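Notes to accompany the following structure.
The values are calculated or read from the model by the stated rules, or taken from the named source; none is laboratory data. Quick caveat, the model's predicted, so the values are computed rather than measured. Here Cβ is always computed from backbone atoms with ideal geometry, including for glycine, and neighbour counts include all displayed protein chains.
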Amino acid sequence: MGVADPIEVQRLAENDAWDLFQMKLGGHASRSKIQEIARKVAERCHGLPVALKVLGETMSCKKKVREWTDALHVLTSSPPIEFVETEDEVLHILKYGYDSLKGERLKSCFQYCSLFPAAYLLSKDSLVNYWEAERFFGGFGGSISQNQGYENIDTLVRAGLLMESDDNTKFVQMHDVVRKMALWVASNLGKNKERCVVQAGEVVPVKDWSGVRRISLMNNEIQEISGSHECYQLTTLFLQQNRNLVRISGEFFQCMLKLVVLNMSFNKLKELPEEISGLLALRYLNLSWTKIERLSDGLGRLKRLRHLNLEMTKRLKSVDGLSQVSSLGVLRLQGSNVTLDASTIEELQHLERL
């Protein structure tokens with residue numbers, strides 16, 4: 001908040017921590033057989049509200065003494081060898097909430113949220129679109145996957161792993177400590193830290209690009225991207241909100257054969273590399289709020305592209321060639337300079353899934 005000297009916020013006192021934990025539980029910890037165990041579980045949170053909240057939400061559905069005994073055993077087990085400080089122990093506690101999520105697809109949705117900066121407002125609609133492109137809902141599409149996506153967001157909010165804004169229910173946020181846990185989990189518990197590259201500033205040095213699954217370089221000061229990396233396993237690439245970005249070399253995209261999500265919105269790009277037409281697996285492409293003047297000639301090769309966002313592309317006058325993108329189901333043109341004349345309408349009429 002701009003204070004001259006940092007202020008240490010004290011942990012909650014034991015009684016206050018217990019009150020908060022009980023509130024998240026919903027009351028059933030008052031049973032005599034559970035209460036003693038529940039107090040020991042709450043003590044593992046060291047008075048930290050975020051840990052009390054997540055663990056309380058996780059335990060709220062556990063009504064049997066055996067379930068509480070098992071939870072206490074897990075939480076009192078020695079943390080992984082990398083964890084030596086109290087904060088790291090808290091990550092271990094938060095991971096218990098993650099482990100309690102039902103289904104690998106829901107866990108994948110949670111990990112995906114760590115690609116964004118801490119406390120970043122995540123659009124629910126965008127999250128669902130990303131998850132759908134990543135096939136987190138199996139082979140389903142349309143309303144089935146959309147409904148599953150929003151249901152997953154609600155589940156993560158109820159679990160305390162995402163926070164919903166009180167004044168705007170269209171967005172959610174992830175607490176910075178929860179995000180740290182999510183990144184740790186996404187890196188296979190620290191064993192493969194290059195599996196998910198999330199970095200502020202510029203493209204980071206990575207020893208082995210072949211194993212990278214997702215890259216987020218959003219919200220940085222990157223001006224130019226060049227060179228080629230063998231990102232054969234890459235599925236998501238976030239380059240949005242690099243407001244000084246003016247150029248991306250075509251060779252940068254040459255080895256991204258599995259890329260399904262590409263977001264390059266909010267930058268100064270005037271043209272797209274023709275090599276984008278080689279991203280044959282691409283299902284989601286966001287070019288909104290850019291300065292592009294035309295679409296790539298080879299865009300029609302992207303036969304799997306389902307979602308194309310061209311909103312606020314003030315210099316874009318034509319969508320010629322889109323008629324060949326046979327799978328396109330969503331096309332956003334609000335605020336663009338594209339004129340809906342007869343030729344444009346004829347172009348769009350070929351898109352049977354739009």
**Complete:** With criteria (1) at pLDDT below 95; (2) crowded, with 16+ Cβ neighbours inside 10 Å; (3) within 12 Å of the chain's Cα centre (by Cα), A118 comes up short on (2)
**Prompt:** Under 6 Å by Cβ, and 6 or more places apart or on different chains, what pairs join a residue from segment 36-60 that is more than 17 Å from A13 (Cα to Cα) with one that is assigned to a helix (DSSP H, G or I) and among the aromatic types (F, W, Y)?
**Reply:** I37/W68
**Request:** For residues that are polar (S, T, N, Q) and closer than 17 Å to T313 by Cα, scanning just segment 243-278, find the one that is surrounded by the fewest Cβ atoms within 10 Å (Cβ to Cβ).
**Result:** N244
**Asked** Hey, does segment 319-341 have a residue that's assigned by TED's automatic domain parsing to the domain that holds Y232, surrounded by fewer than 15 Cβ atoms within 10 Å (Cβ to Cβ), over 24 Å from Y130 (Cα atoms) and free of Cβ contacts under 8 Å to residues at least 12 places away in the same chain?
**Response** yes
**Prompt:** Would segment 268-287 turn up any residue that is on the phi > 0 side of the Ramachandran plot, part of a loop (DSSP other than H, G, I, E, B), among the hydrophobic types (A, V, I, L, M, F, W, C) and within 21 Å of the chain's Cα centre (by Cα)?
**Reply:** no
**Message:** Take the residues in segment 1-24 that are assigned to a helix (DSSP H, G or I) and more than 31 Å from the chain's Cα centre (by Cα); name whichever of them is surrounded by the most Cβ atoms within 10 Å (Cβ to Cβ).
**Reply:** W18
**Message:** Regarding segment 124-146, can at least one residue be identified that is crowded, with 18+ Cβ neighbours inside 10 Å, without any contact (Cβ under 8 Å) to a residue 60 or more places away in the chain and over 16 Å from the mean Cα position of the chain (by Cα)?
**Reply:** yes
**Message:** If I ask for residues that are within 18 Å of W131 (Cα to Cα) and of a type in the set (A, V, I, L, M), which ones from segment 251-278 would you list?
**Reply:** L259, V260, V261, L262, M264
